[in-house]
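In what follows, a single structure is set out as structure tokens and then discussed.
Just so you know, all these numbers are worked out from the coordinates, no wet-lab data involved. Just so you know, these numbers come straight off a predicted model, no measurement behind them. FYI the Cβ positions are ideal-geometry reconstructions off the backbone, even for glycines, and counts take in every protein chain you see.
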2 protein chains.
Amino acid sequence: MINTSVLLASINRHITLEPADIVLFTTMLQPAQIKQGEFIETSGTVTPHFIHVLSGCLMTYYSDKNGHDHVIQFAMAGWWTGDLHSFTEQVPSIYSTRALADSEVLYLPKADMDRLLAEVPKFERFFRILFQNSLVTHQQRIIQNFSANAEERYENFRKKYPSLEQYVPLKYIASYLGFTPEFLSKIRRKQLDR
Amino acid sequence: MINTSVLLASINRHITLEPADIVLFTTMLQPAQIKQGEFIETSGTVTPHFIHVLSGCLMTYYSDKNGHDHVIQFAMAGWWTGDLHSFTEQVPSIYSTRALADSEVLYLPKADMDRLLAEVPKFERFFRILFQNSLVTHQQRIIQNFSANAEERYENFRKKYPSLEQYVPLKYIASYLGFTPEFLSKIRRKQLDR
DNA sequence: TTTCTTTCTTGAACTAGATTAAGAAAACTA
DNA sequence: TAGTTTTCTTAATCTAGTTCAAGAAAGAAA
């Protein structure tokens with residue numbers, strides 16, 4: 001049996017669920033084990049479910065027309081992830097999502113999410129707050145990319161997400177921050193010399 | 001008397017409002033006229049209301065520690081804008097918002113928004129969808145900034161927001177796209193020569 | 001342990017875009 | 001209408017970060 005207590009606690013920080021709501025919600029969730037390196041979503045296919053991470057670490061990235069990959073987000077235990085556009089509009093995704101470590105996840109299928117939102121308005125509130133907070137984070141990331149140089153962005157990243165370093169190869173951190181692994185090496189070398 | 005018909009129509013594309021909901025909502029809205037160049041919000045102060053644009057054009061920007069401004073968003077008729085973080089958490093804003101043209105706006109004060117969300121769950125749904133869509137747009141903007149060069153970003157911007165060009169000085173478009181006005185001049189010169 | 005694969009580092013050559021400073025063109029203002 | 005301010009352009013110089021290519025280190029596999 002899966003343990004949803006951490007997930008429920010995080011939801012309860014924003015809304016108050018009745019026992020019936022909890023039953024409805026938890027029966028919708030489908031647990032899955034993902035091995036390191038495995039894909040959970042691939043670009044070109046429709047995202048069938050929203051993803052909640054119980055343990056491990058996932059990475060979502062975009063492959064551009066030159067074949068370069070760009071990491072758009074990581075997801076650790078307690079985070080929701082996936083391609084929101086593909087999920088909500090049920091159109092093919094432009095992103096792929098892979099496990100950076102052995103991971104446990106919960107899937108919330110599209111039809112269930114729709115039903116949950118229609119039947120339990122409190123979940124509208126929960127996801128409104130979730131998306132609202134994520135939107136603020138994305139705005140801050142855009143600002144950072146414009147106003148800070150590569151070294152500052154790397155420092156801020158390490159401060160903001162210290163737990164990610166244990167899972168994420170440096171080349172993906174460089175990609176997430178918008179520069180090359182070679183340049184990250186230079187930054188790290190420079191910091192060692194100080 | 002202000003005309004809220006366009007706003008209500010845009011809301012009705014996502015939810016179905018009862019007459020009582022409409023009355024409650026519209027009585028909360030405070031109309032204001034903003035002259036070109038005037039500030040609607042200034043960094044350092046708490047954002048007291050969420051902003052809906054009826055006509056004209058607004059710009060929200062961040063001034064970094066070197067005194068450089070970075071445009072984070074524009075807002076045209078039919079768009080919502082403002083510093084979401086400052087608004088929801090009632091903390092001082094790091095952004096300023098100014099009118100790029102004479103504009104009419106509607107203010108939705110924080111206390112009213114809270115009451116609206118608590119009393120009419122349909123508005124939770126509306127704002128959930130609004131933030132969800134905005135989040136997708138922000139993700140796409142981040143991807144673009146990483147995977148496209150300055151010229152491609154300028155071309156995509158012109159395609160995506162053709163109506164903005166009439167209001168927005170080129171230097172702010174350059175800022176929004178993450179490069180200097182001088183470089184935008186070079187891009188435009190190059191395009192003329194072709 | 002050895003082998004294979006992936007990740008990280010180093011350095012040299014290069015380039016997209018920044019900076020600075022000036023003048024030209026537009027847009028307000030009176 | 002001229003005067004003032006803001007926006008846009010041009011060109012020379014500069015630099016943060018890229019590209020390419022190679023080797024070193026670290027992990028995974030067996």
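Data overview
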item	result
Estimated 222 nm signal from helices in the protein assembly as shown, with DSSP H stretches of n ≥ 4 weighted -39500 (n - 2.57), rounded to 500	-14500 deg cm²/dmol
Kirkwood hydrodynamic radius of chain B, Cα pairs, Å	18.1
Interchain or long-range residues, amide H under 5 Å from A:V46's placed H	A:S93
Rg [Å, one decimal], Dmax [Å, integer] - region A:55-122, C-alpha atoms	14.0, 45
Cα convex hull volume per residue for region A:100-158 (Å³)	129
Between helix B:19-28 and chain B: long-axis angle, C-alpha atoms, 0 to 90°, nearest 10	60
In Hz, Karplus ³J(HN,Hα) per residue of region A:148-161 (6.51, -1.76, 1.60; θ = phi - 60°; x = Gly, Pro)	10, 7, 4, 5, 4, 5, 5, 4, 4, 4, 4, 5, 6, 10
Degrees separating the helix A:181-193 axis from the principal Cα axis of chain A, which is the longest one	70
Residue order, fewest to most beta carbons within 10 Å, for B:S63, A:S5	A:S5, B:S63
Kirkwood-based Rg to Rh ratio, the protein assembly as shown, C-alpha trace	0.97
For A:118-131, mean number of other protein chain Cβ atoms within 10 Å	5
Under 5 Å, built H, 5+ apart or other chain: amide partners of B:A101	B:G37, B:C57
Viscosity 1.306 mPa s, 10 °C: Kirkwood-radius Stokes-Einstein D of region A:86-127 over Cα pairs, µm²/s	127
Counting all C-alpha pairs of region A:5-119, share separated by more than 24 Å (%)	27
In order through region A:103-120: 3J(HN,Hα) via Karplus (6.51 cos²θ - 1.76 cosθ + 1.60), integer Hz, x for Gly, Pro	9, 10, 9, 10, 9, 10, x, 3, 4, 5, 4, 4, 5, 4, 5, 6, 8, 10
Formal net charge of residues neighbouring B:A99 (Cβ-Cβ distance under 13 Å; K, R +1; D, E -1)	-2
Burial order of peptide ranges B:179-189, B:146-156 (average beta-carbon count within 10 Å, highest first)	B:146-156, B:179-189
Under 5 Å, built H, 5+ apart or other chain: amide partners of A:G78	A:V53, A:L54
